[in-house]
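S.K.: Provided herewith is a single structure, encoded as structure tokens, for subsequent inquiry.
The values are calculated or read from the model by the stated rules, or taken from the named source; none is laboratory data. None of these values were measured; they are calculated from a predicted model. Cβ atoms come from the backbone with ideal geometry, glycine included; neighbour counts cover every protein chain shown. Only protein heavy atoms, including side chains, enter the accessible area calculation; ligands, DNA and RNA are left aside. Shrake-Rupley method; radii C 1.70, N 1.55, O 1.52, S 1.80 Å.
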Amino acid sequence: MSSPILLGAIADDLTGATDLALMLARNGMKTIQHIGVPAEGSDFGDAEAVVVALKSRTIAADDAVAMALASALALRAAGAEQILFKYCSTFDSTDKGNIGPVAEALMDLLEAPIAVACPAFPAAGRSVYQGHLFVGASLLSDSPMRDHPLTPMRDANLVRVLQKQTASRVGLIPLDIVEAGPDAIRALLIKARQAGFRLMIADAVRDADLRQLGAALAGARLITGGSGIAMGLPDNFRAAGKIGTLEVAGRMTAPKGKAVILAGSCSVATRGQVAAAIGAGLPALRLVPADIVSGKQSIADIANWVLANSGKGPSLVYSSDEPEAVRQIQQKLGAAAAGQLIEQMLGNLAVILRDNGFARFIVAGGETSGAVVAALGITALEIGPEIAPGVPWTRSRGEPDLALALKSGNFGAPDFFLTAWDMLDD
Ligand code: ADP
């Protein structure tokens with residue numbers, strides 16, 4: 001019989017879930033990542049926090065809501081006192097959702113009168129000021145996110161972006177209030193609630209701001225945001241004497257087996273990592289969507305290529321391409337179909353490789369990682385050492401036993417594909 005959990009989180013994609021699980025583990029909570037909606041009565045062992053990884057960012061809003069509600073019920077049944085809805089630090093969503101609809105439905109379920117929405121993650125360059133999201137020094141709308149294949153972000157004003165997704169009134173907690181501390185934040189939330197606001201974008205430009213927000217949100221039934229918003233939450237449970245302290249190891253014991261990198265992200269950071277890996281001489285094979293459609297590039301050919309190269313250390317299979325090329329193929333196939341084509345190919349490839357002795361995988365791309373992990377039949381991950389901000393090594397629980405680094409497209413330094421392996425022990 002497992003002990004009750006304290007914090008239950010629902011993430012709208014897999015790498016986002018991993019990023020959040022790492023944040024909670026680094027701040028001292030025993031954390032497990034569960035893939036997909038947990039069955040009611042799931043055994044989470046001695047976990048204090050459970051992060052449910054959905055693949056709901058770009059599906060129909062009704063479906064995303066249904067999955068989030070089912071997850072919240074399972075997490076509450078497992079004891080969760082607080083629910084965190086986690087989305088991307090670049091607020092990836094479309095005008096149809098899913099951040100607004102899911103947040104609203106969770107508020108109704110949990111009877112939360114008001115909820116904060118804060119995607120800031122300063123360590124990865126995401127900050128929110130005057131309700132505007134910055135990626136590094138650029139507004140979100142001037143960042144490469146404007147060309148994302150599935151969720152192009154062309155407005156940096158998050159109050160406006162979120163307002164388009166919900167009938168609830170959206171307001172702002174400005175930076176001066178956040179800096180003034182938990183009492184000021186709570187006072188503003190009470191006033192906002194009285195004025196009819198239900199969702200509040202929160203400014204945060206430094207970790208200290210996220211910790212103030214975290215402290216202010218002790219006891220809140222629902223919190224929404226990026227992994228940064230979770231930074232201060234473990235301290236609340238610690239202050240209440242509910243958790244102890246926990247060190248995250250710097251290395252991880254990995255199952256023996258061959259290694260491969262699967263990159264289905266077209267984000268700038270991943271394209272840089274692909275270029276660096278090719279530059280360093282890693283065997284690399286590019287997936288070409290048009291050739292997959294025409295049958296010129298088949299799963300058997302790709303798998304045989306990886307197997308033929310597997311004696312030389314990790315090889316790289318990538319579909320990462322420039323925005324213009326992505327636009328062209330999307331015009332031909334449709335954005336969703338083009339995405340699925342690649343996701344399916346990489347998922348099927350991962351299964352063939354697993355069956356041929358591969359046990360160590362780096363996967364680049366949130367949607368891509370979701371597809372690969374689903375194809376591999378993985379249901380839960382334990383969180384290992386941090387490779388880069390927001391990206392840990394993980395090890396699957398149960399069968400198949402694999403080491404996985406699931407990287408959100410925009411995360412990690414250029415040498416990520418080359419150096420991440422050094423943290424693994426046999
Ligand atoms: P990120 O984490 O960078 O957002 P994702 O994997 O979440 O990466 O999203 C990238 C999407 O783009 C996936 O659906 C993927 O299948 C799709 N994709 C990858 N390569 C191409 C390509 N060359 N052309 C069109 N779509 C692509």
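S.K.: Anything in region 155-211 that is in contact with a Gly (Cβ under 7 Å, 6 or more places away or on another chain) and part of a helix (DSSP H, G or I)? List them, or say none.
M.R.: 158, 159, 162, 192, 210, 211
S.K.: Further question: Yes or no: region 306-328 includes at least one residue that is open to solvent by 30 Å² or more (accessible area, probe 1.4 Å), of a type in the set (Val, Ile, Thr) and part of a helix (DSSP H, G or I).
M.R.: no
S.K.: So residue 384 clears everything in (1) at pLDDT below 95; (2) within 16 Å of the ligand (Cβ to nearest atom); (3) closer than 19 Å to residue 422 by Cβ except one condition, right? Which one?
M.R.: Of (1) at pLDDT below 95; (2) within 16 Å of the ligand (Cβ to nearest atom); (3) closer than 19 Å to residue 422 by Cβ, only one is false for residue 384: (2).
S.K.: Could you please let me know if residue 25 is of a type in the set (A, V, I, L, M), more than 22 Å from residue 97 (Cα to Cα), in the same structural domain as residue 100 (by TED's automatic domain parsing) and part of a loop (DSSP other than H, G, I, E, B)? Lay out the reasoning, then the answer.
M.R.: Details: of a type in the set (A, V, I, L, M): yes; more than 22 Å from residue 97 (Cα to Cα): yes; in the same structural domain as residue 100 (by TED's automatic domain parsing): yes; part of a loop (DSSP other than H, G, I, E, B): no.
Taking the combined requirement at face value, the residue does not satisfy it.
S.K.: From the list 9, 64, 68, which residue is open to solvent by less than 10 Å² (accessible area, probe 1.4 Å), within 16 Å of the ligand (Cβ to nearest atom) and within 24 Å of residue 368 (Cα to Cα)?
M.R.: None of the others qualify; the one that does is 64.
S.K.: I would also like to ask the following. Whether any residue in region 281-297 is over 29 Å from residue 34 (Cβ atoms), small (Gly, Ala, Ser) and part of a helix (DSSP H, G or I) is what I want to check. If you could, list the steps in order and put the result at the bottom.
M.R.: In the first step, residues of region 281-297 are kept if they are over 29 Å from residue 34 (Cβ atoms); the result is 281-297.
Next, from what is left, pick out any that are small (Gly, Ala, Ser): 281, 284, 290, 294-295.
Going one step further and asking which of them are part of a helix (DSSP H, G or I), we end up with 290, 294.
Looking through region 281-297, at least one residue is over 29 Å from residue 34 (Cβ atoms), small (Gly, Ala, Ser) and part of a helix (DSSP H, G or I).
S.K.: Pull out all pairs, ordered by first then second residue, where Cβ-Cβ is under 7 Å, the residues are six or more apart or on different chains, the first lies in region 288-302 and is away from the ligand (no atom under 11 Å from the Cβ), and the second is among the β-branched types (Val, Ile, Thr) and assigned to a helix (DSSP H, G or I).
M.R.: As it stands, the answer is none, since no pair meets every condition given.
S.K.: While we're on this one: Can you list residue pairs whose Cβ atoms sit under 6 Å apart, with the first residue in region 192-220 being at positive phi and the second being open to solvent by 40 Å² or more (accessible area, probe 1.4 Å) and at pLDDT 95 or above? Count only pairs 6 or more apart in sequence or on different chains.
M.R.: Hits for this filter: 196/169.
S.K.: If you don't mind, there's one more thing I want to ask. Looking only at region 348-357, decide whether some residue is charged (D, E, K, R) and open to solvent by 40 Å² or more (accessible area, probe 1.4 Å). Break it down stepwise before answering.
M.R.: Step one: of region 348-357, the residues charged (D, E, K, R) are 354-355.
Pick out the ones that are also open to solvent by 40 Å² or more (accessible area, probe 1.4 Å) and you get 354-355.
Looking through region 348-357, at least one residue is charged (D, E, K, R) and open to solvent by 40 Å² or more (accessible area, probe 1.4 Å).
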